[in-house]
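All remarks here apply to the structure that follows.
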Amino acid sequence: MKEVVFITPEDARYGFSLAGTVQLTATTEQAEELLRQTLADIDVGVVVIDERLVRAIDSKHYSDLEQSWRGLLVTLPAPQRDAGADDYLQRLINRALGYHVRLEL
């Protein structure tokens, strides 16, 4: 069975590990390298990474990692959502359905 790994900033260090899951913490400077290492682990099937760390990774690099990995890479919305949260939701829906759906919120 494949593992689910959460990658979060230091301020969320105890959240997911208390629930018994694998949780790794990183600074924004360490985020991309830790993500690459985690995706290279053959025992990992799902990686959930905090949105605040994703912002520190070049969007092209993140997209390449996401598309080349066979597992599921999920971005966990930051606790305080900004104006870009709707854009993220739109991208998730587009990816899941395969086409653009207009949201009226």
Would you please calculate the Kirkwood hydrodynamic radius of segment 3-79 over all C-alpha pairs and express it in Å, rounded to one decimal?
12.3 Å
Pop a pseudo-label 7 angstrom from the Cα along the beta-carbon direction at both Asp43 and Gln30 and give the gap in nm to one decimal.
1.9 nm
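Evaluate the charge dipole of segment 3-79 about its Cα centre and quote only its size in Debye, nearest 20, assuming +1 on the Cβ of each Lys and Arg and -1 on the Cβ of each Asp and Glu.
140 debye
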State, as an integer percentage, the relative contact order of segment 3-79 based on alpha-carbon contacts under 8 Å between residues 6 or more apart.
33 percent
Net charge of neighbours whose Cβ lies under 15 Å from the Cβ of Leu39, counting Lys and Arg as +1 and Asp and Glu as -1
-4
Over segment 1-47, relative contact order from alpha-carbon pairs under 8 Å, at least 6 apart, %:
49 percent
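Taken together, the values in this text are just the output of simple stated rules run on the coordinates, not laboratory data. These numbers were taken from a predicted model, which means no experiment stands behind them. Cβ atoms come from the backbone with ideal geometry, glycine included; neighbour counts cover every protein chain shown.
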